[in-house]
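**Q** One structure follows; several queries about it will come next.
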Amino acid sequence: MLIITVITITLAIWGFPASHAHTLNRPASSPPTASIINGIILGTTTRVPTAPTPVVNQYLGVPFAKSPPERFLPPEDPEPWTSIWNATYYRPSCIQHFANDVFRKIFNSDQPPESEDCLHLNIFTPSTATECGRPVMVWIHGGSFQLGSARLSEYDGSFLAAKHGVVVVTMNYRTNVFGFPASPEIPLHQRNLGFMDQRKALAWVSRNIGAFGGDPSKVTIFGESVGGYSVKQLLINPPRPLPFRAAIIQSQAFGPAGGGEASWATLVKELECNATTAAQQLACVLDAPAEAIRNILDYRGLSFTPVVDNITNGPFLNDAFYQGSIAEVPILIGTNADEGTVLTSVMPPPEQMLGAIFGNNTASKELARLHYPSNATVAELQSRILTDYSYTCTTSAIAELLAHGYQNVWRYFFNATFPNNAPFKGAGAWHTSEIPLVFGTYRMDNETTAAQVRLSDSMQSAWAGFAKHPEDGPGWPMVGSQDKDLQLFDTNYAVRGRTIDRNLVDTACAYYDVSVQLNGL
């Protein structure tokens, strides 16, 4: 747990990209409508020029649960409405907490409004009808369980819908103390509210996506960072009946250690709750204004993350594998070459990171340190250790474990950089930088390169193709089927990528694998 606390809880699994949006055209036509269980929804349309289905219907800010939810309580089904629901604009994000100004600048460029009234999702669907329902891709955003929003321009599903004929859904879920409260008065099985929100959204999709042209039996869940971790937990603790048939895990790392009791105690103290019992303290926090709570989270740097309840979170993947409880669906999983470059501001010194990983095993610690250049800067060491241990080697271990269990698994490695997609010089293929290429929402300006366009087309085709035909895979060999089974997405092979030997990427894992396995996946 020490490793997870030092490296992962300190925001190693953020996942919230900077803004890189295309410009969409709004065609002048009659707005689309959809009729679902709760009532009629009015949407809007947009146009993606040159796409096979250029007109996309958008339904924005649709409630998948009662919103605002009761604070610190599980989500409830949305209430029906009698008038038409206006789904022509985004609703607020859930309340966010940023670790520092660096993260706020990199990961909150859109600066969306925030509210507890946030349990909404967005749907992007081709405007043309089909005889059979379309495949559905449900996105779970990242943000270290402290922040995140379904309304970011990077997550606009219009391009995937128009170019590849899929229905894209993006969801909000509660984060930080609003999503993972740590009061001892709250039963353990009711603390992972953010995970419960995700499951409620998936249940909504199962019931209603047919009204938007989607097939509820053809759902692929995909997410990045803690969104990827959330996908993994949905695999380990699958809802029944299973609301998806395939899963994509992007840049997930070790899971949070859980808890938050110390942060809860600090929050109670800072709110000046005149309370002596846990019940009185909970009542005080329930009555506090949301803005006051958020200010304390920011000022004191408080972190609230999921607990292991063995319902929505836990056990470790290793344990679930041997228990035979993992959902048997095709999986696409991968990471970026330089995940850690944008995360160093919240990392401890390199020696402390290695000490947390290896404990008293001095020999292994020294061998791992020798793997890196002796003249590397502190930030470079922090980035490489974090990238290798928490992302690359963890993902490699997950892929191999599942493949040995006869699960169909495909792995990718993203290593591309572009001038208009870098928060600072030397960021490399940083954490979240693949997202605009997957969604096709990379910035179009005078710095956009032909390789960027081609690589995005290639990645969109792989992701959407996997959602359409999961059993066939995304277009390269399965993990374990041959020596070259790792798909490399870089600028040199932007059209189709190329398949390489995974050992070329996993060189550091010889030092980290034992620790990775000991600490669970």
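The values are calculated or read from the model by the stated rules, or taken from the named source; none is laboratory data. Everything quoted here is computed from the prediction, not taken from an experiment. A quick note on method: Cβ atoms are made from the backbone with ideal geometry, for glycine too, and the neighbour counts reach across all protein chains shown.
**Q** So C273 ticks every box in (1) touching a residue at least 12 places away in the same chain (Cβ under 8 Å); (2) in the same structural domain as Y412 (by TED's automatic domain parsing); (3) surrounded by fewer than 23 Cβ atoms within 10 Å (Cβ to Cβ) but one. Which box is left unticked?
**A** The failed condition is (2).
**Q** Can you tell which of I95, I84 is modelled with pLDDT of 95 or more, over 23 Å from the mean Cα position of the chain (by Cα) and more than 28 Å from H164 (Cα to Cα)?
**A** I84
**Q** Going residue by residue through region 203-217, is there one that turns out to be in contact with a helix residue (DSSP H, G or I) (Cβ under 8 Å, 6 or more places away or on another chain) and either of a type in the set (S, T, N, Q) or in a helix (DSSP H, G or I) (or both)?
**A** Checking region 203-217: not a single residue is in contact with a helix residue (DSSP H, G or I) (Cβ under 8 Å, 6 or more places away or on another chain) and either of a type in the set (S, T, N, Q) or in a helix (DSSP H, G or I) (or both).
**Q** Let me ask something else about it. So how many residues does region 353-364 have that are without any contact (Cβ under 8 Å) to a residue 24 or more places away in the chain and either of a type in the set (A, V, I, L, M) or surrounded by 18 or more Cβ atoms within 10 Å (Cβ to Cβ) (or both)?
**A** Adding up the residues that qualify gives 2.
**Q** Ok, one more. Of (1) more than 30 Å from G214 (Cβ to Cβ); (2) assigned by TED's automatic domain parsing to the domain that holds V167, A246 satisfies all except one. Which?
**A** Result: A246 passes all but (1).
**Q** Being within 20 Å of A247 (Cβ to Cβ) and either assigned to a helix (DSSP H, G or I) or of a type in the set (G, A, S) (or both): is that true of G334 here?
**A** yes
**Q** Can you say whether S303 is within 25 Å of the chain's Cα centre (by Cα) and over 17 Å from F145 (Cα atoms), as far as the supplied structure shows?
**A** Here the answer is no, as S303 does not meet what is asked.
**Q** Okay, moving on. Within region 30-87, restricting attention to residues that are surrounded by fewer than 15 Cβ atoms within 10 Å (Cβ to Cβ) and of a type in the set (D, E), which residue is farthest from V177 (Cα to Cα)?
**A** Only one residue fits best here, namely E79.
**Q** Right, something else. Report, by residue number, each residue of region 46-62 that is hydroxyl-bearing (S, T, Y) and on the phi < 0 side of the Ramachandran plot.
**A** T46, T53, Y59
**Q** Another question, then. In region 181-225, what residues are farther than 20 Å from Q250 by Cα, touching a Gly at 6+ places or on another chain (Cβ under 6 Å) and surrounded by 23 or more Cβ atoms within 10 Å (Cβ to Cβ)?
**A** L193, G214
**Q** Applying the selection to region 129-142, what residues are modelled with pLDDT under 95 and in contact with a strand residue (DSSP E or B) (Cβ under 8 Å, 6 or more places away or on another chain)?
**A** Answer for region 129-142, where residues must be modelled with pLDDT under 95 and in contact with a strand residue (DSSP E or B) (Cβ under 8 Å, 6 or more places away or on another chain): just C132.
**Q** Can you find, within region 153-179, the residue that is nearest to C118 (Cα to Cα) among those that are of a type in the set (A, V, I, L, M, F, W, C) and under 15 Å from the mean Cα position of the chain (by Cα)?
**A** Residue satisfying both the conditions and the ranking: M171.
**Q** Okay, moving on. What are the residues in region 399-423 that are closer than 24 Å to D156 by Cα and not polar (S, T, N, Q), if any?
**A** Result: Y412, F413, F414, A416, F418, P419, A422, P423.
**Q** If you don't mind, there's one more thing I want to ask. Across region 33-77, what is the number of residues that are under 24 Å from the mean Cα position of the chain (by Cα) and under 30 Å from L282 (Cβ atoms)?
**A** 14
**Q** Moving on. Please find, among S396, S364, S383, S345, the residue that is under 22 Å from A429 (Cα atoms), part of a helix (DSSP H, G or I) and at pLDDT below 95.
**A** S345
**Q** Okay, moving on. When the residues of region 509-521 are narrowed to those that are under 25 Å from the mean Cα position of the chain (by Cα) and of a type outside the set (S, T, N, Q), which ends up modelled with the highest pLDDT?
**A** C509
**Q** Could you count how many residues in region 439-452 are modelled with pLDDT of 95 or more and hydrophobic (A, V, I, L, M, F, W, C)?
**A** Total meeting the criteria: 1.
**Q** Let me ask something else. Across region 163-190, what is the total count of residues that are charged (D, E, K, R) and assigned to a loop (DSSP other than H, G, I, E, B)?
**A** 2
**Q** Considering each of S303, S263, S325 in turn, give the residue that is surrounded by fewer than 17 Cβ atoms within 10 Å (Cβ to Cβ) and either of a type in the set (S, T, Y) or assigned to a loop (DSSP other than H, G, I, E, B) (or both).
**A** Residue meeting the stated conditions: S325.
**Q** Quick test for you: out of S374, S383, pick the one residue that is touching a strand residue (DSSP E or B) at 6+ places or on another chain (Cβ under 7 Å), among the hydroxyl-bearing types (S, T, Y) and over 30 Å from A464 (Cα atoms).
**A** Just one listed residue meets the conditions, S383.
**Q** Quick one: count up the residues across region 493-516 that are more than 20 Å from H371 (Cα to Cα) and either surrounded by 14 or more Cβ atoms within 10 Å (Cβ to Cβ) or touching a strand residue (DSSP E or B) at 6+ places or on another chain (Cβ under 8 Å) (or both).
**A** Residues that pass the stated criteria total 7.
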